[in-house]
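Handing you a structure now.
The values are calculated or read from the model by the stated rules, or taken from the named source; none is laboratory data. Note that the structure is a prediction, hence the values are computed from the model and not measured. Here the Cβ positions follow ideal geometry from the backbone for every residue, glycine too, while neighbour counts run over all protein chains shown.
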Amino acid sequence: MEWARRVRELRTELGWPIVTKSTGRPDLAIGAYTLEADRQGYEHDRKIPDNIRREVLRRDGYKCSECSWSHEEWNPSDPRHLELHHIQYHAKGGKNTKENLQTFCTVCHDKIHKVKK
């Protein structure tokens, strides 16, 4: 039990992209955890509740809304993973609701934030 609690802390409080079967990698076995990348998520993304994160990923078919990349295409030379993006930015009052969140791969998510700065 301690292991599962600590993984949730690393994911939700510190922003490490750790996924499970129900939080982004439906191909994983129950109880398996995977660190998707060696970088932490944006600080505001760390407060998205797991149930909302799961609903958004399911709604978006576990694919990037921009390029349609999914974990089925992952390979060791492609370090991307899926992240959630606030349609109305969190810093501008956007809420952590499924209506205000969209799934993007890290490549497309980075492009969006570079363009809209």
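Residues in segment 93-101: is at least one part of a helix (DSSP H, G or I) and over 14 Å from ILE48 (Cβ atoms)?
Within segment 93-101, none of the residues are part of a helix (DSSP H, G or I) and over 14 Å from ILE48 (Cβ atoms).
Could you grab me the full set of residues in segment 63-111 that are among the aliphatic types (A, V, I, L, M) and either surrounded by 15 or more Cβ atoms within 10 Å (Cβ to Cβ) or within 13 Å of the chain's Cα centre (by Cα) (or both)? Steps first, please.
Let us first name the residues in segment 63-111 that are among the aliphatic types (A, V, I, L, M), namely 82, 84, 87, 91, 101, 107.
Of everything in segment 63-111, those that are among the aliphatic types (A, V, I, L, M) and either surrounded by 15 or more Cβ atoms within 10 Å (Cβ to Cβ) or within 13 Å of the chain's Cα centre (by Cα) (or both) turn out to be LEU82, LEU84, LEU101, VAL107.
If you check LYS117 against the conditions, is it over 17 Å from ARG8 (Cα atoms) and at pLDDT 85 or above? Outline the logic, then answer.
Numbers: over 17 Å from ARG8 (Cα atoms): yes; at pLDDT 85 or above: no.
Answer is no for this residue.
Looking at segment 90-110, which of its residues are more than 20 Å from THR34 (Cβ to Cβ) and in contact (Cβ under 8 Å) with a residue 24 or more places away in the chain?
HIS90, ALA91, ASN96, THR97, LYS98, LEU101, GLN102, CYS108, listed by residue number.
Ok, one more. Filter segment 63-94 for residues that are charged (D, E, K, R), out of contact with any helix residue (DSSP H, G or I) (no Cβ under 7 Å at 6 or more places or on another chain) and at pLDDT below 90 and give the result.
Passing the criteria: GLU72, GLU73, ASP78, LYS92.
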